[in-house]
């Protein structure tokens, strides 16, 4: 993976994170009061996945991964960066406990974050393949 692709992928990830922060604020203010924290987080995984797919579809021509493997590697980078961001921000900025943070990752207990991360992993590949004919 070339340095140019790394810079483009990182820039798109920053765009995704800004969009997801706005999405999270909207979730807390609009959805949580109506359906509760846990259910709002579950719903937000799906709406957040749509946001990621839309951003990937819009930016894929600029991202321009040279192959399916490159698209997959970009998605993997986005997932690693997102998990690190979520855990570090949640723990050291917001002050959440480790059990609370990890609950979103536990499918057996209703945490749906792994589904969103799977979508993020595949988003560059899906966008390139479906929308731009890789």
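Nothing in this text is a laboratory measurement; each read-out follows from the coordinates by a stated rule. All figures in this text were calculated on a predicted structure; none of them were measured in a lab. Every residue, glycine among them, receives a Cβ derived from its backbone with ideal geometry; neighbour counts consider all protein chains shown.
In terms of other Cβ atoms within 10 Å, 126, 12 run from fewest to most in the order 126, 12. For the pair residue 46 and residue 94, the difference between a 0.36 nm per residue extended length and the Cα-Cα distance amounts to 14.9 nm. Taking the number of Cβ atoms within 10 Å of each Cβ as an exposure proxy, the fewest-first ranking of 69, 83 is 69, 83.
Within the listed set 16, 51, 35, the Gaussian network model of the chain (springs between alpha-carbon atoms below 10 Å) gives the highest mean-square fluctuation for 35.
Quick check on the range 3-132: take the gyration tensor over C-alpha atoms, sort the square-rooted eigenvalues as a ≥ b ≥ c, and tell me if it's rounded (a/c under 1.5), prolate or oblate. Verdict is prolate for the range 3-132. With the cut-off at under 11 Å, measuring from each backbone N in the range 98-132 to a point 7 Å along the Cα-to-Cβ line of residue 87 picks out 102. Could you give the angle, 0 to 90 degrees to the nearest 10, between helix 68-88's Cα long axis and the longest principal axis of the Cα atoms of the chain? Helix 68-88 sits at roughly 30 degrees to that axis. As a rough footprinting exposure proxy, the listed residues 68, 32 were ranked by other beta carbons within 10 Å of their own, and the order from fewest upward is 68, 32.
Pick out which of 108, 70, 56 has the largest mean-square fluctuation in a Gaussian network model of the chain, springs linking Cα atoms closer than 10 Å. Among 108, 70, 56, the largest GNM mean-square fluctuation belongs to 108. Reducing the range 45-85 and the range 11-33 to their Cα centroids gives an inter-centroid distance of 16 Å.
The calculated 222 nm mean residue ellipticity attributable to helices in the chain amounts to -24000 deg cm²/dmol, summing -39500 (n - 2.57) over DSSP H runs of n ≥ 4 and dividing by all residues.
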